[in-house]
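Before any comments, here is the structure.
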Amino acid sequence: MKTQFYFFQVIILLLCLVFGILAFDFYESKKWMTALLLFSLSLSMIVLNIQHSQRFGKEAKQILDAIEHKDFSLFPDKKQKHPLKQQAVNLYYQEKEKNIDLLSFKILYENILNQLDIGIMILKEDRNDWEIFYSNQKFIEILKVPKYNKWSYYEEKIPDFFKLIKETNFRESQDFMEVSINQSGFQTYSVRTTRLETPREDFYIISLESVQRIIERKEKMAWNNLMKVISHELLNTLTPINSLIRNMEYITDQESISTDDQDEMKESLRIVNNKSEQLLTFVNNYRQVAELPKPKIQKVFIKPVIEKVLRLMESEFQNKKITLTTNIREYQIMADEKMLERSLINLLTNALHAIEEIDDGKIIIHTDQQNTRTVIRIEDNGIGINEQISDKIFLPFFTTRTNGSGIGLTLTKSIMDAHHGYITFRKQERGSVFELWFV
């Protein structure tokens, strides 16, 4: 197509040249009328060619303007004679395909965000101001506000929320706020913000999630994990018992029971007894977690409690040649002394197991106070906690030890929850640190 166009242009130019030369020749021969006719024909061909090129140029510009303004309502023929217009048409359809892809992704992402049970609003910075880039339906429903294009319009509608976001200086943050629900009460929401800086534009993402839903989701996950553990434990215990009972039924159905059969029945009964004891131990451990008594809160000085626990475990430290370092200050907390002792024994027992396979085992106990909070910190230089199981260590009956019950950390966490405190842990380059925080 491009070759034909250039060939046509060359033919026109040659004809114009030929007509011009002939017109000049007839002019020299004083054949005025013929010369004028040929000259007019040559000039007309030049003018028509220029107009023809200008028309194609104008059409090409129209297509380029459509691309610039994202107007893809045109349907130009995909095959053009003029090369400039052909390039413009090719570019037009390339950009149109990209625009269709972008719109498809936009619709997809908006549908995904609208399906979330989390309120999402995205702001875009515009000349030291912020405009609304996107907000999903959940965000609008939570705050009960209309959709605006400018972030500043929300200052009057939701002043408390607007102030909360403004105080973050449009940087990463996390906070909580209460939202009125049907004028009958309030619901607490977690407010998270993140700033995203791109080479061209800056975005600020705000998310709103119901704290109650977060708690419900975590409780459901914990319940499902607990059911898996209980099912696993029951099957491991009852399956061999059922098999042994069927075997004994088979033996007792015989007319005579041999000495070997009697010995086999005794062994089966011994195994059944052991498995039953394991199941009873499991149930008792479960009751310790599920039926934790209400703590008897009173004023407790933590130094004598820690020293008492260390005396109880002194022989274990000596037998395993553990280096014990303490930095215990005398702080007073409101707690149940017996439960505090149990929590400390659980954490120290875990520390002992973590360092039993190393030669230079060390345990450090440290107390501190930060504002109104008191912390007891127990640190070891043992094998540490694998990242793959770090989110499971507080689950009931989860253990990495062969003879472990898997309730130590769970019970400690339950005790701290009952005291309105909390337990934290972090992995170190070597070993772990557990902290008991009393508020």
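Exactly one residue among PHE161, PHE176, PHE133 is over 30 Å from GLN62 (Cβ atoms) and open to solvent by less than 50 Å² (accessible area, probe 1.4 Å), and that residue is PHE161.
Among residues that are closer than 15 Å to ILE206 by Cα and out of contact with any Gly (no Cβ under 7 Å at 6 or more places or on another chain), ILE122 is included. Taking the condition of a type in the set (Gly, Ala, Ser), modelled with pLDDT of 65 or more and loosely packed, with under 12 Cβ neighbours inside 10 Å, does SER29 pass? Yes, satisfied. Residues of the range 120-134 that are modelled with pLDDT of 90 or more and either at positive phi or not hydrophobic (A, V, I, L, M, F, W, C) (or both): LYS124, GLU131.
Check whether at least one residue in the range 268-282 is surrounded by 12 or more Cβ atoms within 10 Å (Cβ to Cβ) and modelled with pLDDT under 65, and report yes or no. Yes, the range 268-282 contains a residue that is surrounded by 12 or more Cβ atoms within 10 Å (Cβ to Cβ) and modelled with pLDDT under 65.
For LYS78, state whether it is at pLDDT 70 or above and assigned by the TED database to the domain that holds LEU13.
Answer is yes for this residue.
Output the residue which, of all residues in the range 83-92 that are more than 13 Å from GLN62 (Cβ to Cβ) and surrounded by 15 or more Cβ atoms within 10 Å (Cβ to Cβ), is modelled with the highest pLDDT. Filtering first and then ranking leaves GLN87.
Checking each residue in the range 346-363 for being among the β-branched types (Val, Ile, Thr), open to solvent by 20 Å² or more (accessible area, probe 1.4 Å) and out of contact with any helix residue (DSSP H, G or I) (no Cβ under 8 Å at 6 or more places or on another chain) picks out only ILE358.
Being open to solvent by less than 80 Å² (accessible area, probe 1.4 Å), in contact (Cβ under 8 Å) with a residue 60 or more places away in the chain and under 28 Å from the mean Cα position of the chain (by Cα): is that true of TRP151 here? No. Among the residues of the range 389-432, those that are of a type in the set (S, T, N, Q) and either in a strand (DSSP E or B) or modelled with pLDDT of 60 or more (or both) comprise THR410, THR412, SER414, THR424, GLN428, SER432.
Looking at MET334, is it among the aliphatic types (A, V, I, L, M), open to solvent by 80 Å² or more (accessible area, probe 1.4 Å) and modelled with pLDDT of 80 or more? Break it down into steps so the answer makes sense when it comes.
Numbers: among the aliphatic types (A, V, I, L, M): yes; open to solvent by 80 Å² or more (accessible area, probe 1.4 Å): yes; modelled with pLDDT of 80 or more: yes.
Spelling it out, MET334 is indeed among the aliphatic types (A, V, I, L, M), open to solvent by 80 Å² or more (accessible area, probe 1.4 Å) and modelled with pLDDT of 80 or more.
Residue count for the range 411-431 under the criterion of being surrounded by 19 or more Cβ atoms within 10 Å (Cβ to Cβ) and in contact with an Asp or Glu (Cβ under 6 Å, 6 or more places away or on another chain): the result is 1.
Residues checked against (1) surrounded by 16 or more Cβ atoms within 10 Å (Cβ to Cβ); (2) at pLDDT below 70; (3) hydroxyl-bearing (Ser, Thr, Tyr):
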| residue | (1), (2), (3) |
| --- | --- |
| THR193 | yes, no, yes |
| LEU196 | no, no, no |
| GLU216 | no, yes, no |
| TRP223 | no, yes, no |
| ASN284 | no, yes, no |
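One residue stands out among those in the range 104-114 that are open to solvent by 70 Å² or more (accessible area, probe 1.4 Å) and modelled with pLDDT of 80 or more: the one that is nearest to ILE206 (Cα to Cα), which is ASN111.
One residue stands out in the range 364-382 among those that are in contact with a Lys or Arg (Cβ under 9 Å, 6 or more places away or on another chain) and surrounded by 15 or more Cβ atoms within 10 Å (Cβ to Cβ): the one that is modelled with the lowest pLDDT, namely GLY382. Within the range 362-379, the set of residues being over 18 Å from PRO304 (Cβ atoms) and of a type in the set (Ser, Thr, Tyr) comprises just one member, THR372.
Scanning the range 172-191 for residues that are modelled with pLDDT under 85, in contact with a strand residue (DSSP E or B) (Cβ under 9 Å, 6 or more places away or on another chain) and in a loop (DSSP other than H, G, I, E, B) yields nothing.
The values are calculated or read from the model by the stated rules, or taken from the named source; none is laboratory data. What you are looking at is a predicted structure, and each value in this text was computed from that prediction instead of being measured. Every residue, glycine among them, receives a Cβ derived from its backbone with ideal geometry; neighbour counts consider all protein chains shown. The area values use the complete protein model at the heavy-atom level, side chains included, leaving out ligands, DNA and RNA. Shrake-Rupley method; radii C 1.70, N 1.55, O 1.52, S 1.80 Å.
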